[in-house]
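The values are calculated or read from the model by the stated rules, or taken from the named source; none is laboratory data. Quantities reported herein were computed from a predicted structural model and do not represent experimental measurements. Here the Cβ is made from the backbone with ideal geometry for all residues, glycine too, and neighbour counts use every protein chain on show.
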Amino acid sequence: MKPIEIKKGICSIRVNHFNRKLFDALIPLPDGTSYNSYLVKGEKYTCLIDTADPEKKDVFLDYLSKVSKIDFVVSHHAEQDHSGLLPEVLKLYPSAVVVTNAKCKDLLMTHLHIAENKFKVIQDGETLDLGGKTLEFIFTPWVHWPETFSTYLREDKILFPCDFFGSHLATDELLADSQIIYEPMKRYFAEIMMPFRSNIKNNLEKLSKYEIELICPSHGPIHKDVKFAVDCYKDWALSEPKNKALLLYVSMHGSTFVLINRLASRLQEHAVEIEKLNLEDADTGRVAMAMVDSATIVLATPTVLAGPHPKAIYGAYLASLLRPKVKFLAVMYSYGWGGKTVEFLSNILSALKAEIIGQVGVKGLPTENDLKLVDELAVSIAEKHSSLKKERVLCEKEEK
Ligand code: FEO
């Protein structure tokens with residue numbers, strides 16, 4: 001996308017990566033991604049905010065070629081999709097100074113071998129006057145790494161929060177449309193931000209005192225509807241989970257499939273929303289997104305040798321890494337002659353600190369008696385969800 005002036009003296013330099021398939025060799029990118037950099041021109045100095053992924057070096061440097069001078073480069077985050085072209089920028093603009101915090105400086109020196117004399121280290125709340133454009137640096141750690149910080153451009157009321165509020169969406173639309181951006185933004189939250197919910201809470205509180213008219217993230221389009229973006233984050237990170245059960249399963253010979261289908265239909269009869277995903281070929285981002293709002297996760301797996309199917313282990317491990325706000329867990333499994341499936345999965349899932357409310361194990365194909373146990377599990381899940389709802393109503397009344 002050609003560089004474009006978004007406000008007087010402020011330019012968006014967005015490099016779209018339409019055909020990138022995976023991020024971090026892990027996260028599927030159904031909509032590609034973009035690496036967003038911004039140029040802020042003051043009366044005295046010109047400042048570049050972040051760079052782009054080295055894979056897109058030629059496009060980024062071509063966009064930058066019309067810029068005659070860069071005095072400062074703000075580096076919000078050492079991950080290479082934003083910092084990776086810093087060495088190239090410093091070659092082109094040898095007198096440019098990298099403005100960052102101490103933690104990020106350390107990471108940039110380690111990962112990119114940038115010389116120590118290239119840095120200006122800033123503190124939380126410090127400002128940089130470019131001449132009629134004042135940058136205020138706000139430390140917002142753990143969105144996404146410990147060093148991440150944001151920049152607020154005071155005169156124009158623009159927030160540059162790097163990964164925070166981002167979305168993996170390659171697009172030539174400058175501004176986000178709330179209908180289109182909701183899913184890519186939620187997917188991004190689930191995959192990247194969800195493990196840091198308590199940090200997000202603190203960072204949202206810290207940013208709430210700023211009047212913000214535009215949020216310019218480092219991935220995806222710019223948010224003009226600031227309230228929409230902030231409310232989405234509040235909902236995903238801070239609100240109680242919904243009356244929803246995520247059913248993750250893998251089946252080798254059909255037994256687990258029978259169990260999960262029975263559970264799904266019984267939960268629906270009890271008015272519990274379900275999302276059922278087959279781990280055999282599930283998109284990791286889809287699984288992560290489904291975890292965002294679910295009050296319960298049920299894992300259903302056959303026994304392979306002495307433990308769960310490796311794909312079920314992957315699902316459990318993913319949940320333990322992403323730390324969704326799930327409250328209840330259950331395991332269903334089939335086996336031929338034994339194994340330690342429940343112990344194995346319980347160990348992985350213990351990181352979630354959620355209540356394990358049931359387990360159903362069946363030898364071979366489920367019998368009618370086995371299916372009655374599944375029905376009982378559905379009742380337990382529905383009851384737990386309705387107790388959550390009652391707690392919510394009580395809390396809301398107390399708040400009033
Ligand atoms: Fe977009 Fe954490 O890098």
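Looking at the structure I just gave you, is A306 in contact with a Ser or Thr (Cβ under 9 Å, 6 or more places away or on another chain), more than 14 Å from S255 (Cα to Cα) and surrounded by fewer than 20 Cβ atoms within 10 Å (Cβ to Cβ)? Taking the combined requirement at face value, the residue satisfies it.
Put simply, of E43, E5 the only residue that is among the charged types (D, E, K, R) and either touching a helix residue (DSSP H, G or I) at 6+ places or on another chain (Cβ under 8 Å) or free of Cβ contacts under 8 Å to residues at least 12 places away in the same chain (or both) is E5. No other residue among G285, G220 is in the same structural domain as P28 (by TED's automatic domain parsing), closer than 24 Å to D31 by Cβ and of a type outside the set (D, E) apart from G220.
Name the single residue that is farthest from the chain's Cα centre (by Cα) among those in segment 28-59 being more than 16 Å from the ligand (Cβ to nearest atom) and of a type in the set (K, R).
Taking segment 28-59 as the starting set, the residues that turn out to be more than 16 Å from the ligand (Cβ to nearest atom) are 30, 39-48, 57-59.
Then keep just the ones that are of a type in the set (K, R); that gives 41, 44, 57.
Working: K41: 31, K44: 37, K57: 25 Å.
Top of the filtered list is K44.
Inside segment 298-315, residues that are under 27 Å from the mean Cα position of the chain (by Cα), outside any loop (DSSP other than H, G, I, E, B) and over 25 Å from A382 (Cα atoms) make up a count of 4. In segment 216-243, the residues that are touching a residue at least 40 places away in the same chain (Cβ under 8 Å) and away from the ligand (no atom under 16 Å from the Cβ) form Cβ pairs under 6 Å with partners that are of a type in the set (F, W, Y) and assigned to a helix (DSSP H, G or I), at six or more places apart or across chains, as follows: W236/F189.
Within segment 83-102, which residues are within 16 Å of the ligand (Cβ to nearest atom) and either within 18 Å of P3 (Cβ to Cβ) or modelled with pLDDT under 95 (or both)?
L85
Output the residues belonging to segment 254-297 that are of a type in the set (V, I, T) and either free of Cβ contacts under 8 Å to residues at least 60 places away in the same chain or assigned to a loop (DSSP other than H, G, I, E, B) (or both).
Selection gives V272, I274, V287, I297.
Residues in segment 246-258 that are out of contact with any Ser or Thr (no Cβ under 7 Å at 6 or more places or on another chain) and buried (at least 22 other Cβ atoms within 10 Å of the Cβ): L247, L248.
The single condition among (1) away from the ligand (no atom under 16 Å from the Cβ); (2) surrounded by fewer than 22 Cβ atoms within 10 Å (Cβ to Cβ) that Q80 does not meet is (1).
Each row is one residue, and each column tells you yes or no for (1) on the phi > 0 side of the Ramachandran plot; (2) modelled with pLDDT under 95.
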{"position": "V331", "(1), (2)": "no, no"}
{"position": "G339", "(1), (2)": "yes, yes"}
{"position": "N369", "(1), (2)": "no, no"}
{"position": "E376", "(1), (2)": "no, no"}
{"position": "V379", "(1), (2)": "no, no"}
{"position": "L388", "(1), (2)": "no, yes"}
{"position": "E391", "(1), (2)": "no, yes"}
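Answer yes or no as to whether L329 is assigned to a helix (DSSP H, G or I) and not aromatic (F, W, Y).
no
In the set P54, P94, P28, only one residue is assigned by TED's automatic domain parsing to the domain that holds D172 and closer than 25 Å to I181 by Cα; that residue is P28.
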